[in-house]
Each structure stands twice: as C-alpha cells, then as structure tokens.
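Take a look at the structure below.
The values are calculated or read from the model by the stated rules, or taken from the named source; none is laboratory data. Treat the numbers as computed from the prediction; the structure is a model and nothing was measured. Every residue, glycine as well, gets a Cβ built from its backbone with ideal geometry; the counts of neighbours run over all protein chains shown. These area figures cover heavy atoms from the full protein model, side chains too; ligands, DNA and RNA do not enter into them. Shrake-Rupley method; radii C 1.70, N 1.55, O 1.52, S 1.80 Å.
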Amino acid sequence: MSVVENAFRKFAIYGDTSASGNDMTGKNFSKMCKECGVMDGKAVTSTDIDIVFNKVKTKGARTITFAEFQQAMKELCSKRFKGKSPEEALQAVYGLIEGKEPGSVGATKATKVGGVERLTDTSKYTGSHKERFDESGKGKGLAGRQDLTDNSGYVGAYKGAGTYDQTH
C-alpha cells in the first residue's frame with residue numbers, strides 16, 4: 001500500500017468509528033485537502049474542493065473510493081500547480097499528502113476568561129454547593145451530591161457518636 005493510500009485511509013476513518021477506510025466522505029476529503037495544503041485559499045478554494053468531490057463520486061453516492069480520490073487529485077493538481085506539467089503537478093500534490101494524518105487543530109479548549117473564572121472558582125461556593133468540593137477544589141463526586149444515610153443509630157448531628165459504654 002502506497003504512502004498516499006495510507007494517508008487516504010487515515011483521513012477516511014477520521015471522526016467515524018464505523019468507517020472501514022475504503023471510502024471517504026466529502027467532509028473528510030475537504031479536511032484532508034485543507035490540512036495537507038492542497039487547498040491554499042487562492043488557486044484552490046473550498047468551493048473547488050466540493051465541486052471536484054461531487055464531480056468524481058458515483059451518482060447518488062455520498063463517498064469516494066481511492067480510485068475516485070486519485071481522479072479528484074488529477075483535477076485539483078492542475079489548478080494548484082499551474083506552471084507544471086500534469087504529471088509533475090500530480091506528484092507535487094501527492095508530495096503534500098504523503099505521511100500526513102488528521103489532526104485536531106483548533107479543538108475547543110476550556111477558557112478562564114472573564115466571568116468563567118469566577119464561576120468555576122469552588123472556593124467562593126456557598127450553601128449546599130460548597131459541600132460538593134473538598135478544600136483543594138476537587139469534586140467529591142457522588143458523596144458530595146447526595147445525603148448518604150447513616151445507619152449507626154445516632155441522631156444526625158450528635159457529637160458524641162460511638163462514645164456510649166458497651167457494658168450496658
């Protein structure tokens with residue numbers, strides 16, 4: 001299996017746990033073109049990517065195979081590398097794709113800006129919400145959310161629990 005086909009399979013299964021890696025959706029094709037640098041925003045835009053994808057896929061299908069992917073790359077390479085011959089341009093595009101893997105660039109990160117920091121500071125919580133966290137601010141989990149029953153036989157707030165003389 002070639003390096004380009006390996007990259008194709010990695011992008012084909014990205015974000016879909018049931019995917020076999022033999023066919024790629026339009027979303028993953030677009031992601032591959034963006035991340036590998038085939039789409040530069042000037043010569044090749046996201047619109048061009050979508051048009052080529054719909055042109056090469058089988059009518060009525062939602063995905064493309066590796067053979068259709070190669071056909072799509074032949075169409076895109078002439079737009080991306082205008083001054084080169086078709087063979088050189090195709091090799092240049094494959095050079096961009098080789099060895100690439102889908103990344104999670106720009107994944108959402110937790111913010112600590114403005115009001116969010118104040119709301120997530122557990123030291124300022126009061127009342128029943130305060131009981132849900134220990135001194136370090138780490139959550140207690142289930143013990144902090146529920147009133148756990150005490151079956152010891154003592155009244156709830158009794159301070160001398162367990163001090164009764166056992167001889168009686």
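Here is how the numbers come out for the structure above:
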quantity	calculated
Calculated P(r) tail over 14 Å for the range 1-81, as whole % of Cα pairs	59 percent
Loop trypsin sites (Lys or Arg not before Pro), the range 1-105, which have at most 11 other Cβ atoms in a 10 Å radius of their Cβ (DSSP)	LYS42, LYS59, ARG62, LYS82
Rounded accessible area of GLU101 (nearest 10 Å², 1.4 Å probe)	110 Å²
Exposure rank, largest accessible area first [ILE51, ILE97; 1.4 Å]	ILE51, ILE97
Radius 11 Å from Cβ of PHE66, net charge of other residues (Lys, Arg +1; Asp, Glu -1)	-2
Solvent exposure, largest accessible area first (probe 1.4 Å, DNA, RNA and ligands not counted), of LEU96, LEU142, LEU76, LEU90	LEU142, LEU96, LEU90, LEU76
Charge tally in the Cβ shell below 13 Å around LYS42, where Lys, Arg are +1 and Asp, Glu are -1, LYS42 excluded	+1
Pairwise label distance in nanometres, ASP50 with GLU87, each label 7 Å out on the Cα-Cβ vector	3.6 nm
Accessible-area order (highest first, 1.4 angstrom probe) of the listed residues MET39, MET24	MET39, MET24
Label-to-label distance, nm, for residues given as GLN70 and THR58 (7 Å Cα→Cβ offset)	1.7 nm
